[in-house]
1. Treating the beta-carbon of each Lys and Arg as +1 and of each Asp and Glu as -1, no other charges, what is the dipole magnitude of the chain about its Cα centre, to the nearest 20 debye?
2. Within a Cβ distance under 14 Å of residue 25, other residues only, what is the Lys/Arg minus Asp/Glu net charge?
3. Report, in degrees rounded to the nearest 10, the 0 to 90 angle that the Cα long axis of helix 52-69 makes with the longest principal axis of the chain.
4. If you look at just the Cα atoms of the chain, how large are its Rg and its Dmax in Å?
5. Tell me which of 63, 53, 41 sits at the most positive position along the dipole axis of the chain, charges placed on C-beta atoms (Lys, Arg +1; Asp, Glu -1).
6. What is the order of 27, 48, fewest Cβ neighbours within 10 Å to most?
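Just so you know, all these numbers are worked out from the coordinates, no wet-lab data involved. On a predicted model such as this, the values are computed, not experimentally measured, just so you know. Here the Cβ positions follow ideal geometry from the backbone for every residue, glycine too, while neighbour counts run over all protein chains shown.
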Amino acid sequence: MNWRDDKYRRLFVSGELGVGAVYPPRKGSCLWRWKVWVTESGSVLEGKSMDESHARKAVESRFHGFLDAAQLAPKGGAA
């Protein structure tokens, strides 16, 4: 699992699959937006954080929740 820079966001990928992203603050805002497409509930989750680090952690923790619920682990061992 890695973060990859896209044109307008940072994409969280597992293999070749995009599972979530964080978006820089919009003009006039200081909040980072985040969105996760692959989740434990099967529903898209999104939110806002004060900084990029917290936004990334929100995406990662929700994807790890999916892996736990599905009883999956990333290739090669621990997540």
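1. Working: 13 positive and 9 negative charges, 73 e Å.
That gives a dipole near 360 debye.
2. Details: positive: 9, 10, 26, 27, 33, 48; negative: 51, 52.
Here the charged neighbours net out to +4.
3. 20
4. Here Rg and the maximum Cα pair distance are 12.6, 43 Å.
5. It is 53, whose Cα lies furthest towards the positive end.
6. Ordered by Cβ neighbours within 10 Å, fewest first: 27, 48.
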